[in-house]
Amino acid sequence: MPQSMSHTYSLAAMGQELRQFLRLGTPILIAEVLHMSASFVDTVMAGRYSSADLAAVAVGSSMLFPVLILMMGVIMATTPTVAQYFGAKKITLIGPFVQQSLWLATILGCLAVGLLYALDPLFDWLDIQDPIKGIGLDYLHAAALSLPAVAIMQSLRSFSEGLGITKPMVYFSLLGLLINIPMNYIFIYGKFGVPEMGGVGCGWATALSMWASVIGMAIYVYAKPVYHQCAMFTQFDWPQLKTQMSILKVGLPIGFSIFIEATMFAIVALLLAPLGADIVAAHQLVLNFASICFILPLSIGMALTIRVGHGIGGNLPDQVKRSVLVGFSLALGLSSLTCLVMLILPITLASIYTTEPLVLDIAASLFIFAALFQFSDAFQIAANGALRGFKDTAKPLLLIFISYWLIGLPLGYLLGMTDLIYPIMGAAGFWIGIIFGLSIAAVLLCLRLWRVLRKPFPQPH
């Protein structure tokens, strides 16, 4: 083996890269858990108030979520550009770029609010009846006010993470959660002179906690000298169309990629509805646990984006290759762990959510498919994270669309709802389709990454 190759993959070099991953990825993981906890708290507290309020919050959230993830995906394009500038030591270019990202975040956040306020007719079209309609609309209007804060927070987060600083999101995610819980209680039940709002109070609590978090993050960025080196506060720039279009060019495919995956699972739940409540319940609980496990490879993918971006900016191909190898190794290790847990403890996991024997039996069988799903999901996330570090997002979007919507979902429908290929399999058929689609996505994205790694590295400009 040539000396350079030997050094690239030496134990010392790989160990150092692993430490970098743990330094970056662990705070990201904790922050994502805190975000999920906030959503869980909203669901539990609305459900304890009344079943109608729980249903209304669920309906409102289902309309809020697609807009939210699309908007956040676009702003996530800030991370690889900042990382590349940082790796290239073009530090003073970061601040003006982040200002444009913040302008774009503000614009998108305000547009998102307007869009959600215009969705009132959708409730009529879906024939959603009162009291769910009234509560759901009021919840949606209140929660929508959080979206500018969410967008600005994502921009500041991407700025910080692009510099390799990931701990602040833990602090301010925790702050948001600590504000959200008591605010939920006050607004839902009407304490301290506040009118009793029920599930609508969850929306107001979400908005207040998000604005508190983003204000805290903004103060933190302004106060810490490490951010000042980026020329963030040396001058004020008005929105610049050219820079914002460059963010959209990278960010829109990221947003739509996340949107495609999320909507695929939502559609599966809708298609399963005619098969009965027990099957839908089993599917949803398995999917919920799989979503929790999803946080592990997600943190790896986000760390890969940062490390690859630093390596590209610094023109360090050896570091990029190490980052990819360590990232994929971690993805394999963690997916093996979650797969093993699902295979060994399916009944135990299902019993966390329900005690109904039929739902438990169906869920236990679905956990086998969810276990197999872990590997392909981890690898496609890792490959996509690395490609985002290259700012290669358009072709991955096409590959994901083909894999999920043209292969995975149709195959799942044929297996789950028809006997054209095999006797009707119900939920199991859809999970096989999902596994197939994710596996194809993983293979195609890995091939794309392999091709990109063999090309000369792009230079940040």
Restricting attention to the range 415-447, which residues are crowded, with 17+ Cβ neighbours inside 10 Å, farther than 25 Å from residue 76 by Cα and aliphatic (A, V, I, L, M)? 415, 417, 425, 427, 428, 432, 434, 435
Exactly one of 165, 188 is at pLDDT below 95 and surrounded by fewer than 23 Cβ atoms within 10 Å (Cβ to Cβ), and that residue is 165
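Could you list, in sequence order, all residues of the range 237-262 that are more than 13 Å from the chain's Cα centre (by Cα) and closer than 16 Å to residue 67 by Cα? Explain how you work it out, then say what you get.
So in the range 237-262, the residues more than 13 Å from the chain's Cα centre (by Cα) come out as 237-253.
248, 251, 252, 253, listed by residue number.
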Which residue pairs have Cβ atoms closer than 9 Å, lie 6 or more positions apart in sequence or on different chains, and pair a first residue in the range 35-53 that is in contact (Cβ under 8 Å) with a residue 24 or more places away in the chain with a second residue that is loosely packed, with under 15 Cβ neighbours inside 10 Å and not in a helix (DSSP H, G or I)? 50/131; 52/131; 53/131
Go through (1) in the same structural domain as residue 76 (by TED's automatic domain parsing); (2) at pLDDT 90 or above; (3) buried (at least 16 other Cβ atoms within 10 Å of the Cβ) one by one and return the number of the condition residue 256 breaks. (1)
Of the residues that make up the range 141-153, is at least one under 20 Å from residue 25 (Cα atoms), small (Gly, Ala, Ser) and assigned to a helix (DSSP H, G or I)? no
With (1) closer than 28 Å to residue 54 by Cβ; (2) outside the structural domain of residue 395 (by TED's automatic domain parsing) as the list, and residue 274 as the residue in question, which single condition is left unmet? (2)
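Please specify each residue of the range 320-367 satisfying the condition of being polar (S, T, N, Q) and touching a residue at least 60 places away in the same chain (Cβ under 8 Å). Break it down into steps so the answer makes sense when it comes.
Initial filter on the range 320-367 (polar (S, T, N, Q)): 323, 329, 335-336, 338, 348, 351, 354-355, 365.
Across the range 320-367, the qualifying residues are 323, 354, 365.
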Taking the range 261-282, which residues are surrounded by 16 or more Cβ atoms within 10 Å (Cβ to Cβ) and under 10 Å from residue 359 (Cβ atoms)? 278, 279, 280, 281, 282
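This table checks each residue for (1) more than 24 Å from the chain's Cα centre (by Cα); (2) surrounded by fewer than 24 Cβ atoms within 10 Å (Cβ to Cβ); (3) at pLDDT 90 or above.
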residue	(1), (2), (3)
294	no, yes, no
300	no, no, yes
306	no, no, yes
309	no, no, yes
323	no, no, yes
344	yes, yes, yes
359	yes, yes, no
391	no, no, yes
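Among the residues of the range 195-202, is any of a type outside the set (Ser, Thr, Tyr), over 21 Å from residue 120 (Cα atoms) and modelled with pLDDT of 90 or more? Can you show your working first?
The initial filter retains those residues of the range 195-202 that are of a type outside the set (Ser, Thr, Tyr), namely 195-202.
Still in the running and over 21 Å from residue 120 (Cα atoms): 195-196.
Remaining after also requiring modelled with pLDDT of 90 or more: none.
Scanning the range 195-202 turns up no residue that is of a type outside the set (Ser, Thr, Tyr), over 21 Å from residue 120 (Cα atoms) and modelled with pLDDT of 90 or more.
The values are calculated or read from the model by the stated rules, or taken from the named source; none is laboratory data. Note that the structure is a prediction, hence the values are computed from the model and not measured. Every residue, glycine among them, receives a Cβ derived from its backbone with ideal geometry; neighbour counts consider all protein chains shown.
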